1. Go through region 74-100 residue by residue and tally those that are of a type in the set (Phe, Trp, Tyr) and farther than 12 Å from Lys113 by Cα.
2. Within region 392-405, can one find any residue that is of a type in the set (S, T, N, Q) and either in a loop (DSSP other than H, G, I, E, B) or open to solvent by less than 40 Å² (accessible area, probe 1.4 Å) (or both)?
3. When region 242-252 is examined, which residues are found to be open to solvent by less than 20 Å² (accessible area, probe 1.4 Å), assigned to a helix (DSSP H, G or I) and farther than 14 Å from Lys215 by Cα?
4. Being farther than 29 Å from Ser53 by Cα and buried (at least 19 other Cβ atoms within 10 Å of the Cβ), is that true of even one residue in region 92-110?
5. Looking at region 206-222, I want the residues that are within 15 Å of Lys249 (Cβ to Cβ) and have a partner that is surrounded by fewer than 20 Cβ atoms within 10 Å (Cβ to Cβ) and of a type outside the set (A, V, I, L, M, F, W, C) with Cβ atoms under 7 Å, at least 6 apart or on another chain. Which pairs are those?
6. Looking at Leu98, Leu186, Leu119, which one is touching a Ser or Thr at 6+ places or on another chain (Cβ under 8 Å) and under 28 Å from Gln70 (Cβ atoms)?
7. Restrict the check to region 168-179 and report whether at least one residue is open to solvent by 60 Å² or more (accessible area, probe 1.4 Å), under 24 Å from His108 (Cβ atoms), within 31 Å of the chain's Cα centre (by Cα) and basic (Lys, Arg).
8. Within region 292-329, which residues are over 18 Å from Glu272 (Cα atoms) and under 27 Å from the mean Cα position of the chain (by Cα)?
Amino acid sequence: MSRVDVRRYTATISSCLTRALALALLLLGVAGAQAARAGDCAAEQKQAPADMSEGVYNTLQSAMEAMSKQKYDEAIEKLSKLADSGSAYEKAVINYNLGFAYSAKSDHPSAVKAFAKSLSFDALPRSQREQLQYNLGQLYIVIGQYDEGIRTLQAYISQACNSVAPEAHIFLANALTERKRYQEALPQIDLAISKSKTVKEPWLQLRLAVAYELKDYSSCAQSLIQLISLAPGKPEYWKQLSSIFYEMKAEGQSAAVLALADRAGFLQKPGEIHNLYSIYMMMDMPFQAGMLLQEAMEKDRVPADEKNLESVADAWINARESGKAETTLKKLAAMSDRGDYYFKLGAMYGDDERWKESKEMLEKALQKGGLKRTGEAWMRLAVANYSLKSTAAAIAALQKAAAFDETRAQAGEWLRHLSGPAGAAGAPQARNQNPT
């Protein structure tokens with residue numbers, strides 16, 4: 001990216017620092033909670049393992065053997081008979097394995113019930129219970145029970161003794177996003193990113209989508225800059241970053257990003273090229289606008305039709321590139337059934353005090369007709385004639401200009417001076433207007 005005024009990023013940096021502080025506080029809160037749980041975790045690890053009766057053990061072994069042979073219905077039948085009998089630990093283990101048997105059959109609703117029942121006994125070893133809670137949270141989301149999935153994953157993340165993988169935060173963020181709880185989803189994505197050595201592209205895409213829903217455009221820009229660093233060859237990220245900067249009223253950055261994208265060959269559609277042209281013109285950078293569209297026509301990325309040629313001509317006129325504007329306007333005048341392009345040539349020649357050429361073009365414009373500003377054409381013709389010492393022709397043109405609302409007052413002022421005692425020497429200055 002090209003360098004930009006640091007002041008333009010003050011708001012973005014402030015927002016990012018605020019988010020960083022919030023994330024730091026969130027991480028401190030998580031760390032504090034984990035420290036408070038450390039004693040409980042250590043105490044539980046010292047507990048003796050629970051016993052299992054020989055009958056339950058044999059049934060469990062038989063069911064596991066059936067599952068290894070993909071005889072899931074047989075395993076489910078064996079395990080279901082013991083699902084509600086025995087100690088809390090035995091019921092927890094039986095339902096735990098019953099859930100896996102249902103999962104193997106892709107019977108997710110039944111698997112969810114079995115896993116939830118296993119957890120309800122609070123009898124499995126801590127590490128096994130945490131993993132089951134994590135799996136159950138994901139499974140709830142798979143079957144569309146987002147609220148249950150969110151509650152389960154939140155409980156897992158807040159209570160886990162073992163380290164929580166970044167993917168758990170992403171899974172929770174996805175579920176929160178499904179429920180449109182964007183304010184809660186964004187910190188979870190930030191936690192995942194902060195915990196991961198390598199940031200994954202889909203995580204940043206999710207962060208971008210959530211931030212956009214929140215209209216947090218500075219966070220959107222931050223995500224897109226990271227996405228571009230990961231995948232600089234993807235045009236959509238460059239275009240999206242330009243659009244986000246435009247939303248942030250940072251037109252300079254928006255144009256700079258699009259210009260870089262154009263230089264890399266990413267702007268191929270006519271609409272994308274016209275967007276950059278419009279930004280250049282809005283930023284009073286007409287030369288860049290003209291070069292962009294001229295080169296796009298030469299490379300057949302946009303058609304060299306009347307509309308695009310007129311845009312190029314307007315850019316050259318505003319950039320005071322008379323030679324380029326003249327060449328383009330002559331092409332347009334030859335192909336159009338309107339006199340507007342002869343008018344623009346006449347106006348441009350008049351501004352350069354090329355009065356003879358100005359008169360010729362303005363007369364052609366009025367003869368061809370269809371002008372948007374007929375009164376101004378007559379007014380400019382009067383100026384050209386006056387400058388060529390043809391007072392009678394100037395008065396005739398002024399009388400025509402006086403018939404139009406937009407030039408009536410100025411033409412009347414000229415006529416009073418030219419018809420007065422001072423004659424031609426008393427003529428006022430013409431009020432030239434931009435012909436575009």
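1. 1
2. No.
3. Ser242
4. Within region 92-110 (the criterion being farther than 29 Å from Ser53 by Cα and buried (at least 19 other Cβ atoms within 10 Å of the Cβ)), the answer is no, since none of the residues qualifies.
5. Every condition considered, the pairs that remain are Tyr217/Glu247; Ser218/Thr12; Ser218/Ser15; Cys220/Tyr212; Ala221/Thr12.
6. Criteria check complete, one pass: Leu98.
7. Within region 168-179 (the criterion being open to solvent by 60 Å² or more (accessible area, probe 1.4 Å), under 24 Å from His108 (Cβ atoms), within 31 Å of the chain's Cα centre (by Cα) and basic (Lys, Arg)), the answer is yes, since at least one residue qualifies.
8. none
The values are calculated or read from the model by the stated rules, or taken from the named source; none is laboratory data. On a predicted model such as this, the values are computed, not experimentally measured, just so you know. Note: ideal-geometry Cβ built from the backbone for every residue, glycine included; neighbour counts use all protein chains shown. Protein only, heavy atoms only, side chains kept; ligands, DNA and RNA dropped before computing areas. Shrake-Rupley method; radii C 1.70, N 1.55, O 1.52, S 1.80 Å.
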